[in-house]
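S.K.: The structure's right below; bear with me while I get my questions together.
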Amino acid sequence: MSELLKITDLHTAADGKEILHGVSLAVNEGETHIIMGPNGAGKSTLGSAIMGSPEYTVTGGRIEFLGGDITEEAPDKRAKLGIFLSFQNPVEIPGITLSSFLRSAYEQVTGERIKLFEFKKKLKAAMEVLQMDAAYADRELNVGFSGGEKKKAEILQLLVLKPKLAILDETDSGLDVDAVKTVSAGIKAYKEQTGGSLLIITHNTKILEALTVDRTHIIADGRLVAEGGAELVDEVIANGFEKYI
């Protein structure tokens, strides 16, 4: 497998305060990596930095994707290259339907126009995987959606856009057992349909049950403090993060 993402000695800051202190890791094509750590460790900062969020400033290090340096690239350029980030708290966007948003995003990312009928077929198939009522396609994006519905809408974007790398930032947060199963099924479908790579930030192992974990990374106090295979997830669940803090 060839290397997809490479992060080298990454330092990031927000509001003048350094958050990540020299994080390095690599993700190969088709791999599933897990990011775990205590609250405030810098996990979400890492995901946002990879996506190029203007909220964070890279003060040192390098981010490479598909062999090219993207450290200074804008978020839209990174999206077009094939990087996707789901949010912990998806925002509401009044005036734009879920369907219109996704069709526009699809065309922007792929650089191709898609006929409405063809797009609706793609959207319907993806919504069926997530057991979403087709009526949601015509509702304003996330407006009036429950927490679980917002998270399903995030995974719906993943299934439609089919990125090379999907960063899922606590997508399972606040979901009940049934919603976690549905979201997990959507993530599994993404893997089966695309063979893409996953970087999953999570506290909940339920979302991982349908996946094969290749690598686990523990972040504490803005530093990468431990790495291992799937067994490291089990160790953290059993013993917590105390030894890493």
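The values are calculated or read from the model by the stated rules, or taken from the named source; none is laboratory data. Computed from a predicted model, the values in this text were never measured in an experiment. Here the Cβ is made from the backbone with ideal geometry for all residues, glycine too, and neighbour counts use every protein chain on show. What goes into the accessible areas is simple: the full protein's heavy atoms, side chains included, and nothing from ligands, DNA or RNA. Shrake-Rupley method; radii C 1.70, N 1.55, O 1.52, S 1.80 Å.
S.K.: Which whole-number percent gives the relative contact order of the chain, counting Cα pairs below 8 Å spaced six or more residues apart? Intermediate values should be presented prior to the final figure.
M.R.: On the way: 443 pairs, mean separation 64.8, N = 245.
Computed value for the chain: 26 percent relative contact order.
S.K.: Please report how far the C-alpha centroid of the stretch 1-57 lies from that of the stretch 140-161, rounded to the nearest whole angstrom.
M.R.: Cα centroid to Cα centroid, the span is 24 Å.
S.K.: Does anyone have the angle between helix 177-194 and the longest principal axis of the chain? Alpha-carbon axes, 0 to 90°, nearest 10?
M.R.: Here the helix axis deviates by roughly 90 degrees.
S.K.: Computed from these coordinates, which is Rg and Dmax of the Cα atoms in Å: [x] 19.8, 63; [y] 17.6, 55; [z] 26.5, 102?
M.R.: Matching entry in [x] 19.8, 63; [y] 17.6, 55; [z] 26.5, 102: [y].
S.K.: Separation between the LEU211 and SER104 pseudo-spin-labels, each 7 Å from Cα along Cα→Cβ, expressed in nm?
M.R.: The answer from the label model is 2.9 nm.
S.K.: What does the extension gain come out to for LEU116 and ASP138, with contour length at 0.36 nm per residue minus their alpha carbon separation? Walk me through the intermediate numbers first.
M.R.: Numbers: separation 22, 0.36 × 22 = 7.92 nm, distance 1.35 nm.
Stretched out fully, the LEU116 to ASP138 stretch lengthens by 6.6 nm.
S.K.: Let me make sure I get this right: for the stretch 12-104, a, b and c are the square roots of the gyration tensor eigenvalues over alpha carbons, sorted descending. Under 1.5 in a/c it's rounded, otherwise prolate if a/b > b/c, else oblate. Which is it?
M.R.: prolate
S.K.: I've got another one for you. To test your reading of the geometry: what angle, between 0 and 90 degrees and rounded to tens, separates the Cα axis of helix 116-129 from the longest principal axis of the chain?
M.R.: On a 0 to 90 degree scale, this one is about 60.
S.K.: Here is a follow-up. So which residue, out of SER146, SER99, SER48, gets the largest mean-square fluctuation from a GNM of the chain using Cα contacts under 10 Å as springs?
M.R.: SER146
S.K.: Would you please state which residues of the stretch 1-20 a label at GLU64 would reach in this model, taking the label point 7 Å out along Cα→Cβ and a backbone N cut-off of under 17 Å?
M.R.: 1-11
S.K.: In the chain, what % of DSSP beta bridges are antiparallel (nearest 5)? Before the final figure, lay out the partial values.
M.R.: On the way: 25 of 42 bridges.
The antiparallel fraction comes to roughly 60 percent.
S.K.: A follow-up question, please. Would you look at the GNM of the chain, springs on alpha carbons closer than 10 Å, and say which of PHE145, PHE101, PHE117 moves the most?
M.R.: PHE117
S.K.: Can you give the calculated 222 nm mean residue ellipticity of the chain, where each DSSP H run of n ≥ 4 adds -39,500 (n - 2.57) and the sum is split over every residue, rounded to the nearest 500 deg cm²/dmol? Walk me through the numbers on the way to the answer.
M.R.: On the way: 7 runs with 85 residues, N = 245.
Taken over the chain, the calculation gives -11000 deg cm²/dmol.
S.K.: Counting only heavy atoms of the protein chains, get the accessible area per residue of the chain (1.4 Å probe) and round it to a whole Å² value. Don't skip to the answer; put the middle values down first.
M.R.: On the way: 11620 Å² over 245 residues.
Computed with neighbouring chains in place, this is 47 Å² per residue.
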